[in-house]
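Peer 1: Before I ask anything, let me first share the structure, which is written out below as structure tokens.
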Amino acid sequence: MAKYRVLDKEELGAFEKEFVEFLVINSITTDDWVKIKNSDQDRTKHIISLFSDVIFEKLMRQTQYLIRRSKHNIACFHYQANQVVLVGLETEDKDLDLLQISGDGDIPTKGVSIYNSTKSYDKQREIEMFEMLNNGAEISDGQLYKTLCLGLA
């Protein structure tokens, strides 16, 4: 069973080169892979599941920032080694649309509040990030997070 989730067929196709390398590292030749695919569905699923975990683990380890946006709230997360730091922006002004904010200094000062918090991980860092992604967050370059942090200083 996958630690994260199993890549779908399209995603697997995008990682074809990496999958071939994964097979080689695991001493599975091209002929062996063809035989496994044709005769042992359980083993095929297991190998693809292991490969999926490798891909997601690498992605999660390389990622530091996530963001979750709505019209009236932006939550920016910085996933550090031992904790996640949240910096957010919210408004109750129905005329403000926070989805329009890019982080290049265009943050409105009227009708918004900035909030922050810090939380230690309950689970492995990468698992918590993956769960956030599955709940609507997106990977971010961290620019808006950094801009909002300046607003707290």
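The values are calculated or read from the model by the stated rules, or taken from the named source; none is laboratory data. Model, not experiment: these values are computed from the prediction. Counting neighbours? That spans all protein chains shown, and the Cβs are built from the backbone with ideal geometry, glycine included.
Peer 1: Which condition does THR109 not pass, out of (1) assigned to a helix (DSSP H, G or I); (2) of a type outside the set (Gly, Ala, Ser); (3) exposed (fewer than 10 other Cβ atoms within 10 Å of the Cβ), if it passes all the others?
Peer 2: Of the numbered conditions (1) assigned to a helix (DSSP H, G or I); (2) of a type outside the set (Gly, Ala, Ser); (3) exposed (fewer than 10 other Cβ atoms within 10 Å of the Cβ), the odd one out for THR109 is (1).
Peer 1: Continuing with this model, one more query. Could you run through the stretch 128-153 and say how many residues are in contact with a helix residue (DSSP H, G or I) (Cβ under 8 Å, 6 or more places away or on another chain) and surrounded by fewer than 19 Cβ atoms within 10 Å (Cβ to Cβ)?
Peer 2: Looking only at that region, the number is 1.
Peer 1: Tell me whether the stretch 32-48 contains one or more residues that are in contact (Cβ under 8 Å) with a residue 40 or more places away in the chain and crowded, with 16+ Cβ neighbours inside 10 Å.
Peer 2: Yes, the stretch 32-48 has at least one match.
Peer 1: Here are some conditions: (1) more than 30 Å from GLN100 (Cα to Cα); (2) modelled with pLDDT of 95 or more; (3) charged (D, E, K, R). LYS37 meets all but one. Which one does it not meet?
Peer 2: Going through (1) more than 30 Å from GLN100 (Cα to Cα); (2) modelled with pLDDT of 95 or more; (3) charged (D, E, K, R) one by one, LYS37 breaks only (2).
Peer 1: Quick one: is GLN80 more than 28 Å from LYS58 (Cβ to Cβ) and either of a type outside the set (Phe, Trp, Tyr) or surrounded by fewer than 18 Cβ atoms within 10 Å (Cβ to Cβ) (or both)?
Peer 2: No; evaluated as a whole, the condition is false for this residue.
Peer 1: For the stretch 112-153, which residues satisfy the criterion of being aliphatic (A, V, I, L, M) and part of a strand (DSSP E or B)?
Peer 2: Result: VAL112, ILE114, ILE139.
Peer 1: Do you know which of the residues in the stretch 49-64 that are polar (S, T, N, Q) and over 30 Å from LEU96 (Cβ atoms) is surrounded by the fewest Cβ atoms within 10 Å (Cβ to Cβ)?
Peer 2: Per the stated criteria, the residue is GLN62.
Peer 1: Being in contact with a Phe, Trp or Tyr (Cβ under 8 Å, 6 or more places away or on another chain) and in contact (Cβ under 8 Å) with a residue 40 or more places away in the chain is the filter here; which residues of the stretch 51-67 pass it?
Peer 2: Answer for the stretch 51-67, where residues must be in contact with a Phe, Trp or Tyr (Cβ under 8 Å, 6 or more places away or on another chain) and in contact (Cβ under 8 Å) with a residue 40 or more places away in the chain: PHE51, SER52, ASP53, ILE55, PHE56, GLU57, MET60, THR63, GLN64, TYR65, LEU66, ILE67.
Peer 1: Let me ask something additional. Against the conditions (1) loosely packed, with under 15 Cβ neighbours inside 10 Å; (2) of a type in the set (A, V, I, L, M, F, W, C); (3) in a strand (DSSP E or B), where does ILE67 fall short? Just the number, please.
Peer 2: (1)
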